[in-house]
Structures are given as C-alpha cells and as structure tokens.
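Inspection log for the structure reproduced underneath, given as structure tokens.
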Amino acid sequence: EYNDILWTVINMNMMKLQSQYLPLTTLIVLLFFSLPLYHSQTPQSIKKEMDEATKVSLQYASQAIAMFGKTLKDSEKIGYDEGMLKSKDALCTIYFNNGEYEKVIKISSDVEDLALKLNDFASLAGIYRNLAASYSMLRLNDQALITLDKAKMCAGKIDDKTTRHYTTELIYDSYSVCIGEANQDANKMIYYIKKSLEELAKISDREKASYI
C-alpha cells in the first residue's frame, strides 16, 4: 500500500513537471521550424527579385533603389557574390541617372574584388564608366580619366565580342565628354568620337537592336 501511494505521488509530480515544461518545449520546436523562414533567401530567389527590380527601375527609380538595396543586403548575408555585384551595378546606374553622383562613388567601393572573383569584366567596365561620369560631373576630371582608363582595360577583357565592342564604344564616348569638360581639347574630342563610331561599326545591325 505504501508503495502504491509513493508511485502515485511520483506520477503526479512528473505530470506537474511536464505541464510546466511543455510550453517551453513547444516554443523551442516552433523556433526550430521557423528558422528557415528567416534564412530562406537563395541565389535563385535573389535573382528573381533583381529581375523584378530591373522592370520597376524603368519607371520608378526610388522603388527600384529600395529593391536593389534589399537584394544587396540579402546577397551579403548569404555570401552571394554575383548578387552583390549586380545589385551594386544596378544601383550605380540608377543613382547616376538621378544625379546622385556621391552615392555612385560610395556604392562602387569594393566592386573590383567582386568582379575579378567572378571574372565579370562587363559589369566592372560598366560600373567604372558610371563612376568616371560621376567624377566628371563633380568636376573631378583627373580622377574621371583615370577611372575611364580602368573601364577601357576591363572592356578589352570581355569575352563576348559584341558586348566588348558595345562597351568600348560607350567608353570612348565617355572619354570625349570628359575631355570636353576638362580642357575643351577639340582634337581629342573628335578623336574619341571617331573611335566610338569605329567600335559601333563593328557591331551588326541585328546585334545593335539587342543593345541599343
């Protein structure tokens, strides 16, 4: 009889302990299964968001800036280098078109390491061209020309022939504008305009339609 009473007391105490710890156990389980919700971003989901942001940027710059800012942060969280580079590239273009030249300079930091890691010279050349144009608009002409030299070097390393010619054409055009702003050297301006047209002539009409 004594043993029966003892086991009854033990079982009652065990039930009390279980009732006390059940909410905590449940909370731990819920937290465990909810963790993926906070870390669910993948390269594929970020690419999809960048595609949407690109469409939005055609009409709504401020909204696109917010979207690309998010893809940049998400890419940094998961170490997605391509997402970081493409987000910075897009933000450079939007900021430049908005006349926010200081932001172009700021967002362009560390892009070289990312691009070289990915062997993405097309993106790097484009970022350098926007960066050079921003320096030029801020009357930092020497820095603009130095940056254009970097852009041209990167353009020469682009594997795709059409992309290489088109990117180089844009860079030569930027040279002509920058030199015009810096010292009004008409001969150099004409030289780079001609070089730009020469590069453009290397692209077929069919290929131009997909770029221009």
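Couple of notes before you dig in:
- Estimated inter-spin distance, GLU52 and LYS70, nm [label 7 Å along Cα→Cβ]: 0.6 nm
- Computed from the Cβ-Cβ distance with R0 of 35 Å, the FRET efficiency linking ASP205 to LYS106 stands at 0.35.
- The chymotrypsin sites (Phe, Trp or Tyr not before Pro) of the range 101-153 include none that DSSP puts in a loop with a beta carbon having at most 11 other beta carbons within 10 Å.
- Label zone at GLU198, where the point sits 7 Å out along the Cα-to-Cβ direction: the range 131-171 residues whose backbone N lies under 13 Å: 169
All of the numbers you see were taken from the coordinates with simple rules; none came from a lab. Worth saying up front: this structure is predicted, and the values here are computed from it rather than measured. Don't worry about glycine lacking a Cβ; one is built from the backbone with ideal geometry, like all the others, and counts go over all protein chains shown.
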